[in-house]
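> Mind looking over this structure? Questions follow.
The values are calculated or read from the model by the stated rules, or taken from the named source; none is laboratory data. Just so it is clear, the model here is predicted, and its values are computed rather than measured. Cβ atoms come from the backbone with ideal geometry, glycine included; neighbour counts cover every protein chain shown.
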């Protein structure tokens, strides 16, 4: 066999070997990714089991004479007495954690699912509407604090880029993180919610 033919044969053999190595590497990578995904999914389920003592999420109260809308607008969302909402916000829900522990994610009852969100604050509480995820309602008596922060459970933003609302549910204090499509709204939400909390606390003490 001439040297030219030998060189061609060796080149073809090297190409076949390279393809086999690449296919094997890709299969191995796919299996590794699948394993990581499975471990994350099992960890998520396990965390949800550990949080099984968390009560069902409250729903917004039905308003007498008012139609309940899946995605209310500022003009149609009313609270008790026919008053317009105090504040509304469109943005994203980034998750909930145990209060003060920004990495201790809460996943029970869909609280771990990130989604679009529409917040409506009224005299009766905070209505959290999430397309494709579980809606919930935080009564004004359950509100504990509102503040600006930069991160929650795997989501880190710029300083002050996150609106965090602390609320009581069952025997837990929960931090829920939201980001408005217009971040400049965050300061107003913090001021109004904290004012409501202080007013409610004062009225409760007077009683």
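> Quick check on residue 133: is it under 12 Å from the mean Cα position of the chain (by Cα) and closer than 14 Å to residue 93 by Cα?
Criteria met by residue 133.
> Let me ask something additional. Within segment 137-161, work out how many residues are in contact with a helix residue (DSSP H, G or I) (Cβ under 8 Å, 6 or more places away or on another chain) and either in contact (Cβ under 8 Å) with a residue 40 or more places away in the chain or in a helix (DSSP H, G or I) (or both).
So the count comes out to 8.
> For segment 100-135, which residues satisfy the criterion of being assigned to a strand (DSSP E or B) and under 23 Å from residue 199 (Cβ atoms)?
The answer is 119, 120, 121, 122, 125, 126, 127, 128.
> Still on this structure, I have one more. With respect to residue 184, determine if the residue is within 20 Å of residue 112 (Cα to Cα), over 14 Å from the mean Cα position of the chain (by Cα) and assigned by TED's automatic domain parsing to the domain that holds residue 92.
no
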